[in-house]
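Data block below; observations after.
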Protein chains: 2
Amino acid sequence: MPELRKDPIVGRWVIISIERGKRPVDFISDSRRKKGGFCPFCPGNEYTTPPEIMAFRPVGSPPNTPDWTLRVMPNKFPVLQIDGELKKAGEGIFDKMNGIGAHEVIIESPDHNLTLSTMSQKAVEDLLWAAYLRLTDLKKDTRLKYVLVFKNEGEVAGASLEHSHTQLIALPIVPKLVKEELDSARRHYEFKERCIFCDVINQELGDGKRIIYENARYVAMAPFAPRAPFETWILPKRHESMFMPPDRNFTDLAEMLQKILRQMDRILDTPPYNFVLHTSPFYDEVNEYYHWHIELVPKLTKIAGFEWGSGFYINPTPPEESAQFMRAAKI
Amino acid sequence: MPELRKDPIVGRWVIISIERGKRPVDFISDSRRKKGGFCPFCPGNEYTTPPEIMAFRPVGSPPNTPDWTLRVMPNKFPVLQIDGELKKAGEGIFDKMNGIGAHEVIIESPDHNLTLSTMSQKAVEDLLWAAYLRLTDLKKDTRLKYVLVFKNEGEVAGASLEHSHTQLIALPIVPKLVKEELDSARRHYEFKERCIFCDVINQELGDGKRIIYENARYVAMAPFAPRAPFETWILPKRHESMFMPPDRNFTDLAEMLQKILRQMDRILDTPPYNFVLHTSPFYDEVNEYYHWHIELVPKLTKIAGFEWGSGFYINPTPPEESAQFMRAAKI
């Protein structure tokens, strides 16, 4: 059983995924991992993955057969497991709990060679729907507090399989960075009766220099203090505390996400990238102070050690310039 | 002039190093950077670097000539600059200040091919002395609050030059992760009248399973909730709030640091790594609640996006196991 452990000093939780139990030699051979070959995510190979949780497929098409357009299943090597009772324990000064949670994979397209930039906009919409439906389902499990939806695109960004996929990890705790955002947003709200994200969006839209793109419902911008070149946030312009489809519709969000990814592909030569969805935790989904958003970053610079060890970032590209390059990208 | 900017939501400061002003094409060509060739850190090439700030060299040997055994100079491409007045300003909801600070390089050995593991223990002692002397000097500058000493070893860990070197960045702010440690340690002290690091060390020494090595003054251990496989912390066993040579002596610390690096080289095939020194800020150097330490991590796993975007880490190697492997390493 994996274990969740809390650092007693900074309060950061980590998953120790004992089942994966990597020994020194495993890290050395990792760097020689080969590419190509058999793909468990391609149609026809459904039998090699855990049984699907949901899929978008024609009426009458049986589960775990080809013909799907999107497929969700448990990660074959999950970092957390869904069965069991959540047990919390101390160990002297330390806190831990057993690794209850879920780890799922969303395959956005049956085509091995497509990416979120090159697949249809409908496929990106379907990804957003799948994420929303999985969040809605996992919320019923009272042991869980939070679901992190994220994507690693490209080997450098941590993807271990070529075939494009998004992942989610459902957790019995709220991740540190999200908790910090929640706490800070709550303080701002207590003080000003306003959402801090709404304040930032209003200032940015008024000013315009860090805005990359906006449509009827969403805005994409380079944040004022980005950790890395071309870091981009996508937020709903109207206050929305939880990730959801306004009017049962993800068209505008899919259009924006795909446009941003295409602009990055164009000017940064199809970079590896990561994105993370930040939304309110299950126990406080509808509130006035927090504002869901997507944080997206192309993997251009190496994360140097002192950033890892200090929480301090050096960014060689001002966000005003990266926004300008993005706006000018011809796609 | 570079700029320090604060994220209004999580309070994280970043350096926007405008002078480095990287455009999209720069990131693409970066990946094709070539190795070998001219080394500005090798003896004989002193004229290609900014003039040295200090060096360990024979009596009578003039500055910026060969014959040194250790050399400190400003980084040729500094992320912060030392000249000017510290100016703080708001920009609506945002906070910023101009990029006053220092960015220096410590070359630990004239030999291009040595690493901290393979050079003499005396050279590692000298590195610790140089760091201490630079901290002591930079402290006189009242604009500065903190100095981050760190090392990126290997290209994957962010080193841009092969010749082994350590860096320091002096800052007008305290980095986020250090500030979190300070705040948390202060709360623990208010509550218990004890240093939280001392509490952790006592429990770990009593238990032993995460201890890698100890000598008279220091202990090396795998932390209870490590972010990555083989993460290792080195701490003084006795309470010391600021990095300093007890009894004017760094012998024990150099011995331990080198031993840990040699163990890692042995079992992980000379991995790239990073370390960061965490010490008390200049304005509160001697205190009862904070405990300086070194955080060291070999670069074995890719930092996946969701760790960057969530502050949440998955570690496939339990610290009890990594400590055991390290203890068993024959060096």
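The values are calculated or read from the model by the stated rules, or taken from the named source; none is laboratory data. As the structure is a prediction and not an experimental result, all values here were calculated from the model. Positions of Cβ are backbone-derived with ideal geometry, glycine not excepted, and every protein chain shown enters the neighbour counts.
Things worth noting here:
- Of the residues making up the stretch B:72-103, those that are more than 13 Å from chain A (Cβ to nearest Cβ) and under 14 Å from B:L171 (Cα atoms) are B:Q81, B:I82, B:D83, B:G84, B:E85, B:L86, B:K87, B:K88, B:N98, B:I100, B:A102.
- Here A:R238, A:R262, A:R217, A:R227 are screened, and the one residue that is at pLDDT below 95 and either outside the structural domain of A:E153 (by TED's automatic domain parsing) or surrounded by 20 or more Cβ atoms within 10 Å (Cβ to Cβ) (or both) is A:R227.
- Looking at the stretch B:51-152, the strands (runs of 3 or more DSSP E) lying wholly inside it that each contain 1 or more residues that are modelled with pLDDT under 95, over 17 Å from B:T166 (Cα atoms) and touching a Lys or Arg at 6+ places or on another chain (Cβ under 9 Å) sit at B:88-91, B:94-98.
- Qualifying residue in the stretch A:145-160 (condition: hydroxyl-bearing (S, T, Y), under 30 Å from A:D111 (Cβ atoms) and out of contact with any Leu (no Cβ under 8 Å at 6 or more places or on another chain)): yes
Residues checked against (1) of a type in the set (V, I, T); (2) over 18 Å from A:Y289 (Cα atoms); (3) in a helix (DSSP H, G or I):
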position	(1), (2), (3)
A:A159	no, yes, no
A:I169	yes, yes, no
A:E180	no, no, yes
A:H188	no, no, yes
A:N202	no, no, yes
A:F230	no, yes, no
A:D252	no, yes, yes
A:L261	no, yes, yes
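- Within the stretch B:133-156, the residues that satisfy the criterion of being farther than 19 Å from B:I15 by Cβ and within 13 Å of the chain's Cα centre (by Cα) are B:L135, B:E153.
- When the stretch A:272-331 is filtered for residues that are in a strand (DSSP E or B) and among the polar types (S, T, N, Q), the ones remaining, listed by number, are A:N274, A:N315.
- Residues satisfying the stated conditions in the stretch B:114-127, i.e. of a type outside the set (V, I, T) and either in the same structural domain as B:T270 (by TED's automatic domain parsing) or more than 16 Å from B:W68 (Cα to Cα) (or both): B:L116, B:S117, B:Q121
- Scope the stretch A:118-136; condition over 15 Å from A:P245 (Cα atoms) and surrounded by fewer than 21 Cβ atoms within 10 Å (Cβ to Cβ); matching residues: A:T118, A:M119, A:S120, A:Q121
- Any hit, the stretch A:174-195, residues being farther than 30 Å from A:E321 by Cβ, under 19 Å from the mean Cα position of the chain (by Cα) and away from chain B (no Cβ under 11 Å): no
- Matching residues in the stretch A:104-113 - criterion: being touching a residue at least 40 places away in the same chain (Cβ under 8 Å) and either within 11 Å of another protein chain (Cβ to nearest Cβ) or more than 25 Å from A:V147 (Cβ to Cβ) (or both): A:H112
- Looking across A:M264, A:M326, A:M242, A:M221, one residue alone is within 14 Å of chain B (Cβ to nearest Cβ) and farther than 23 Å from A:G206 by Cα. It is A:M264.
- Of the candidates B:F150, B:F94, the single residue that is among the aromatic types (F, W, Y) and closer than 30 Å to B:D247 by Cβ is B:F150.
- The stretch A:190-200, residues that are surrounded by fewer than 17 Cβ atoms within 10 Å (Cβ to Cβ) and assigned to a loop (DSSP other than H, G, I, E, B): A:E193, A:R194
- Here the stretch A:298-320 is the region considered, the condition is being more than 7 Å from chain B (Cβ to nearest Cβ) and either touching a helix residue (DSSP H, G or I) at 6+ places or on another chain (Cβ under 8 Å) or surrounded by fewer than 22 Cβ atoms within 10 Å (Cβ to Cβ) (or both), and the residue that is modelled with the highest pLDDT is A:E320.
- A:Y289 vs. criteria within 9 Å of another protein chain (Cβ to nearest Cβ) and hydroxyl-bearing (S, T, Y): no
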